Structure formats: C-alpha cells, structure tokens
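Take a look at the structure set out below.
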Amino acid sequence: MNIDKAIRKQKKSYKRFLLSMCFIFFVLPIALFLSKKLSLFYISYLVIIEVLIFIAVIIRIDKETLRFACIGSKLKISLGIRKKTININCEKVSLVHVEEILSDEDDISEFKIIILATSKFRSERMISVNLNFLKNHPYVAHQYNRLKIIHPEEQYYYTIIKRGKLNKYPLLDVIYKNCVYSHFTEECIEKIKFYRQNSQYYRNK
C-alpha cells in the first residue's frame, strides 16, 4: 500500500466531486430554461435540488479541509470550510492518541487525533479537559489520570482532529517529529509506523 498514492487518489476524488457538482448545479437551470417548463412545480423542484447540491458540497469541503504548518515549536492547524485554527505549542503537548472511526477509504482505516496539552496557546479549539470528554474517551482518561498524578498542578486542555481523512497521516507524522516531550500511545505509534512504511518520502531516504 502506497499511502502517498492513496492521498493523491483522495484529492482527485475530491476534485472530481466538486467539478461534477458544479456542473450539475449550473446545467440544471439551463436545461429547465431550454425545456420551457417553467411552471411553479418544476421551479420549486429545481430549487430543492440546487439547495441539496449546495449543502452536499459544503459538507464535503468541510470534511476534507485540513491544512497545517509547523514553524519552530509552533504548530498551526486549519480545519473545515470556516478554517477554524488550532494553535499548538509543541513543547506543551503531553499526550497524543488516535481512535479509529468508520471510513469508506478502501482498506485504509481512518482515525481521529486526540491531543492533550498544558497550554491553550491563544486557541479557542483547545478545550479544558472535562468529565464528559473523559467519559467518551476512557483510554485517554486513563492516561490523563497518570499525568495528573505526576503533575497535579497542571491544567490540561484537549483538541480532537477529525477532518482531513488520509491527510491526518502526514499531520500525525509532523506532530511526532515536533512534539518531543509528548507521550504517544501505542495506537498512535502504529499509525506513524504504517505511514512511514508506506510513504515514498521515507522509502527514498
């Protein structure tokens, strides 16, 4: 399995989807106009279809969009169509974990990245660890309790990265290379190994 090829395939599929949706979005009104069936029923039906196409495009863009850059010890992650930004001080990251989620991407499983840090670093997306979060992520809760025993004075914040699909693999690799003081769970290490074993970038080194 070539992960780089799979990521390129994902990007091509994304572009094809956008092009096809845009084509349908603009062709349908023209087709209706040329057919001269401009009754209220057909116009209403067209409006409903156009709205559904628009919603589908927005959802897909929001799901796929993931950009990131690491400058020094500062990692900046941009998510979704609204470009919600997560600013992370790599030196303050304490724990990185991944959890599997359902995916339709061939035989490559998808996952979400969970990050615990001791600093919000001017980021609204870094949320204070709460009981609800710990209940929903029992393994992270176990690791969190260990951290609190070692550093009881620390306040911990979390963020969860779900968007980006396969692009989360190179992001996870960047996190691993830059968050040198963090603990990476076994599940996380397995994902990084999979990426490095199947990425042409590491094969050519």
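Quick look at the values:
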{"read-out": "Matching residues, region 57-72, being at pLDDT 90 or above and farther than 17 Å from Gln10 by Cβ", "value": "Ile58, Ala69, Cys70, Ile71"}
{"read-out": "Cross-chain or 6+ apart pairs with Cβ under 6 Å, region 181-202 first and more than 11 Å from Gln143 (Cβ to Cβ), then aromatic (Phe, Trp, Tyr) and assigned to a helix (DSSP H, G or I)", "value": "Ile192/Tyr176; Tyr195/Tyr169; Arg196/Tyr202"}
{"read-out": "Hits in region 87-99 (condition: of a type outside the set (Gly, Ala, Ser), assigned to a strand (DSSP E or B) and buried (at least 20 other Cβ atoms within 10 Å of the Cβ))", "value": "Ile88, Val93, Leu95, Val96, His97, Val98"}
{"read-out": "Which listed residue, of Leu46, Leu75, Leu52, Leu40, is surrounded by 13 or more Cβ atoms within 10 Å (Cβ to Cβ), aliphatic (A, V, I, L, M) and out of contact with any Cys (no Cβ under 8 Å at 6 or more places or on another chain)", "value": "Leu46"}
{"read-out": "For Arg163: the one exception among (1) at pLDDT 95 or above; (2) outside any helix (DSSP H, G or I)", "value": "(1)"}
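The rows are residues; the columns are (1) of a type in the set (Val, Ile, Thr); (2) assigned to a helix (DSSP H, G or I); (3) assigned by TED's automatic domain parsing to the domain that holds Val174.
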position: Arg8; (1), (2), (3): no, yes, no
position: Leu19; (1), (2), (3): no, yes, no
position: Phe23; (1), (2), (3): no, yes, no
position: Pro29; (1), (2), (3): no, yes, no
position: Leu32; (1), (2), (3): no, yes, no
position: Leu38; (1), (2), (3): no, no, no
position: Tyr45; (1), (2), (3): no, yes, no
position: Ile49; (1), (2), (3): yes, yes, no
position: Ile58; (1), (2), (3): yes, yes, no
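Matching residues to (1) among the acidic types (Asp, Glu); (2) within 16 Å of Thr185 (Cα to Cα); (3) in contact with a helix residue (DSSP H, G or I) (Cβ under 6 Å, 6 or more places away or on another chain):
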site: Thr65; (1), (2), (3): no, no, no
site: Lys74; (1), (2), (3): no, no, no
site: Ile81; (1), (2), (3): no, no, yes
site: Leu95; (1), (2), (3): no, yes, yes
site: Leu102; (1), (2), (3): no, no, no
site: Lys112; (1), (2), (3): no, yes, no
site: Thr118; (1), (2), (3): no, no, yes
site: Phe133; (1), (2), (3): no, no, no
site: His137; (1), (2), (3): no, yes, no
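The values are calculated or read from the model by the stated rules, or taken from the named source; none is laboratory data. Small disclaimer: the values here were computed from a predicted structure and weren't measured. Ideal geometry is used to build each Cβ from the backbone, glycine not excepted, and the neighbour counts take in all protein chains shown.
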